[in-house]
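> What follows is a single structure, and I will ask about it in a moment.
Read-outs throughout are calculated quantities, based only on the coordinates presented, and are distinct from any laboratory measurement. Keep in mind the model is a prediction, meaning the values are calculated, not measured. We place every Cβ from the backbone using ideal geometry, glycine too, and count neighbours over all the protein chains shown.
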Amino acid sequence: MLDLATPKDMRAWSRAERARGQRLGFVPTMGALHEGHLRLVDRAKERTDRVVLSVFVNPLQFGPKEDFTKYPRDLARDRTLAAERGVDCLFVPALEAVYPQEPLVRIAPGPMADTLEGAARPGHFAGVLTVVSKLFHMVEPDVALFGRKDFQQVMLVRRMVTDLDFGLEIDIAPTVRELDGLALSSRNGYLDADQRRAALALSRALRAVEQAWRSGEADPKALQRRGMEVLNAPGVRPGYLELVDEQLRPVARADARTVVVIAAHVGATRLIDNVVLGEGVAGDIAVRT
């Protein structure tokens, strides 16, 4: 596995590979790799010839009271996991390589970022889209792969790529879950045993909404109430449970394309999850970790 650290070297390698006729897949991460990231690598290997995985903890997407300094970091472990999974190039740029100076120009995400996570974390998605756009320019991939767990984020990235004419495809992969339903996340590492059990309320709430919908309930408010009954569990501080379309707009009536998005704090840890009603949690990938 090639290990690169500068945008110049990354771009040179990418262009050389593409000149050889190789299609590049790209998996951007903030490290603390888990099976969800590695399944994206597997998917990239199926769809492209060479796979780049980046590790960069982006300060622009953290608010002043959020966990940038405490965000889990274990680059040695990440390198081992990436190499074992068949990553061709690991791109680990330093902070000063990505932001040689304070960026005056940033990506404005627009109204799709004003709700849900954007309402709870002002400025978060401007930071996400800014760093993702920079990474796309550095790596120059043919396909970039994201997990659906971060639904609002990936919808915004896809819209950015369309609106700003980036020459790449966004591939959205199913959420990867533990066998008991908990969506994989680097932040799960913050949870102690009791909090880990409490966090299952998120996936249970999604299942409850899905089951009510499959039983014939299509009123979003009724479905939301059903989900909140489950989410309001001991040790859980609900954030939101909403039914939206792919443009993150509230739906008037739930159907097979409706996405149920959910957020809650378990202890000090903020967790998010979602499910597409027509696919359900059963349509995600369950793994033993």
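> If each residue of separation counts as 0.36 nm, what is the full-extension length gain between residue 256 and residue 66 once their alpha-carbon separation is subtracted?
Extra length available between residue 256 and residue 66 comes to 64.9 nm.
> Separate question: How far apart, in nanometres, would the label points at residue 222 and residue 187 be if each is projected 7 angstrom from Cα along the Cα-to-Cβ direction?
For the pair residue 222/residue 187, the computed spacing is 3.2 nm.
> While we're here: How big is segment 122-203 by Rg and Dmax over its Cα atoms, in Å?
15.4, 46
> Among 70, 149, rank each residue by its count of other Cβ atoms within 10 Å, from fewest to most, as a rough exposure measure.
70, 149
> Further, regarding this structure: Taking all pairs of distinct Cα atoms, average 1/r, flip it, and tell me the Kirkwood hydrodynamic radius of the chain in Å to one decimal place.
19.7 Å
> Using Cα springs under 10 Å in a Gaussian network model of the chain, which residue among 18, 158, 39 shows the largest mean-square fluctuation?
In the Gaussian network model the winner is 18.
> Treating cross-link reach as a plain straight distance, find the lysines whose alpha-carbon is under 26 Å from the alpha-carbon of residue 65, omitting any fewer than eight places away in the same chain.
134, 149
> Still on this structure: What net charge is computed for the residues neighbouring residue 30, neighbours being all others with C-beta under 13 Å from the C-beta of residue 30, Lys and Arg scored +1, Asp and Glu -1?
Cβ neighbours under 13 Å give a net charge of -2.
> Computed FRET efficiency, Cβ-Cβ of residue 279 and residue 75, R0 30 Å: what is it to the nearest 0.05?
After rounding to 0.05, the efficiency reads 0.30.
> Using Cα pairs under 8 angstrom and six or more residues apart, how large is the relative contact order of segment 1-115, in percent?
36 percent
> First check a/c for segment 1-71, with a ≥ b ≥ c the square roots of the eigenvalues of its C-alpha gyration tensor; if it is under 1.5, answer rounded, and if not, answer prolate when a/b is larger than b/c or oblate otherwise. Walk me through the numbers on the way to the answer.
Values: a/c = 3.08, a/b = 1.66, b/c = 1.85.
Note, shape of segment 1-71 comes out oblate.
> Write down Rg/Rh for segment 1-122, rounded to two decimals, with Rg from the C-alpha atoms and Rh from the Kirkwood relation over Cα pairs. Please list the in-between numbers first.
On the way: Rg = 16.0 Å, Rh = 16.1 Å.
Reported Rg/Rh (Cα atoms, Kirkwood Rh): 1.00.
> Return the calculated 222 nm mean residue ellipticity for the chain, to the nearest 500 deg cm²/dmol, obtained by summing -39500 (n - 2.57) across DSSP H runs with n ≥ 4 and dividing by the residue count.
Calculated mean residue ellipticity at 222 nm is -11000 deg cm²/dmol.
> Here's something else I'd like to know. With no solvent and one equal point scatterer placed on each C-alpha of segment 43-114, evaluate the Debye formula and give log10 I(q)/I(0) for q = 0.12, 0.27 Å⁻¹, two decimals.
So the normalised log intensities are -0.51, -1.20.
> Ok, one more. Of 13, 213, how do they rank once you tally other Cβ atoms within 10 Å and put the fewest first?
Going from least to most buried by this count: 13, 213.
> For residue 47 paired with residue 101, estimate the spin-label separation in nm (one decimal), with each label point 7 Å from Cα along the Cα-to-Cβ line.
The answer from the label model is 3.7 nm.
> Here's something else I'd like to know. What value does segment 180-281 have for Rg/Rh, both radii from Cα atoms and Rh as Kirkwood defines it? Intermediate values should be presented prior to the final figure.
Numbers: Rg = 13.1 Å, Rh = 13.5 Å.
For segment 180-281, the value is 0.97.
> For segment 48-193, what class follows from the C-alpha gyration tensor (a ≥ b ≥ c being the square roots of its eigenvalues): rounded when a/c is under 1.5, otherwise prolate if a/b is larger than b/c, else oblate?
rounded
> Same structure, new question: Using the basic label-point model (7 angstrom from Cα toward the beta carbon), what is the residue 247 to residue 94 distance in nanometres?
Using points 7 Å along Cα→Cβ, the separation is 4.5 nm.
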